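Input: a single structure, listed below in structure tokens.
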Amino acid sequence: RRRWNATDLGLIAVFAALVAGAALVPGLAVNGFGVPITFQTLAVMLTGLVLGPGRGFAAVGLYTLLGLAGLPIFSQGRSGLGILAGPSAGYIIAFPIAALVVGWLATLVIRRTTKVRALWLFLAAMATSVLVVHSLGVAGIALNTKATLAQAFVSDLVFYPGDIVKNILAAIIAVALHRAFPDILVRRVRRSTVQTTEA
């Protein structure tokens, strides 16, 4: 496994800042438990789709750690460990995991497809949203409030329409970035494949 170079570290920092910037856009709390609709899931999915699993996890993990350490970079300017006791805890914990999972799926898509990549990347992002972000989000609401799992699940449904739109945008932007900067993920995958074959 090749070590990350200065470019990799720079990309991790840039995308961590992107996720933090997405949290600065005022969120709209509509689900009854105070969990806001934000652009963060768009930034998280885009990070994984562009950087792949390792760097994607590192970028979103860096953002999450800085927020938990006290920087006001979570939605609505919140920060600190206290947020883990709130209804948004599951979503925040899910973010780095989601970047890892969707990054792994994106690697498979980029490696094995040449056409309709936007569609495949969108499907990867939606699957990750449902299985990781929404699942952990529902669990967090149920654990940190008096809601039942059924009530938490119903409250989470309000996020699905927005997630569909955001995942479409993330897939389109990711395809454009991969075309403009093919080194960002594709050639790294090809080199890894060659090294594995030679070994």
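Computed values, structure above
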quantity: Test: residue in the range 116-123 that is closer than 23 Å to ALA20 by Cα, modelled with pLDDT of 95 or more and crowded, with 24+ Cβ neighbours inside 10 Å; calculated: yes
quantity: Only one of GLY56, GLY67 that is in contact (Cβ under 8 Å) with a residue 24 or more places away in the chain, surrounded by 22 or more Cβ atoms within 10 Å (Cβ to Cβ) and in contact with a Lys or Arg (Cβ under 9 Å, 6 or more places away or on another chain); calculated: GLY67
quantity: Single residue of the range 90-148 satisfying the filter (charged (D, E, K, R) and assigned to a helix (DSSP H, G or I)) that is farthest from VAL60 (Cα to Cα); calculated: ARG112
quantity: Hits in the range 21-52 (condition: of a type in the set (A, V, I, L, M, F, W, C), modelled with pLDDT under 95 and open to solvent by less than 20 Å² (accessible area, probe 1.4 Å)); calculated: ALA22, ALA23, VAL35
quantity: The listed residue being at pLDDT 90 or above, touching a strand residue (DSSP E or B) at 6+ places or on another chain (Cβ under 7 Å) and not hydrophobic (A, V, I, L, M, F, W, C), out of GLY137, GLY162; calculated: GLY162
quantity: In the range 124-175, residue most open to solvent (accessible area, probe 1.4 Å) [restricted to those that are over 28 Å from VAL50 (Cα atoms) and polar (S, T, N, Q)]; calculated: GLN151
quantity: Leading residue by the ranking (modelled with the lowest pLDDT) among those in the range 67-86 that are farther than 27 Å from LEU123 by Cα and not in a helix (DSSP H, G or I); calculated: ARG78
quantity: Candidates THR148, THR64 - the one that is of a type outside the set (Lys, Arg) and at pLDDT below 95; calculated: THR148
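The values are calculated or read from the model by the stated rules, or taken from the named source; none is laboratory data. Model, not experiment: these values are computed from the prediction. Reconstructed Cβ throughout: ideal geometry from the backbone, glycine too, with neighbour counts over all protein chains shown. For the accessible areas, the whole protein counts, side chains as well, though only heavy atoms, and no ligand, DNA or RNA atoms are used. Shrake-Rupley method; radii C 1.70, N 1.55, O 1.52, S 1.80 Å.
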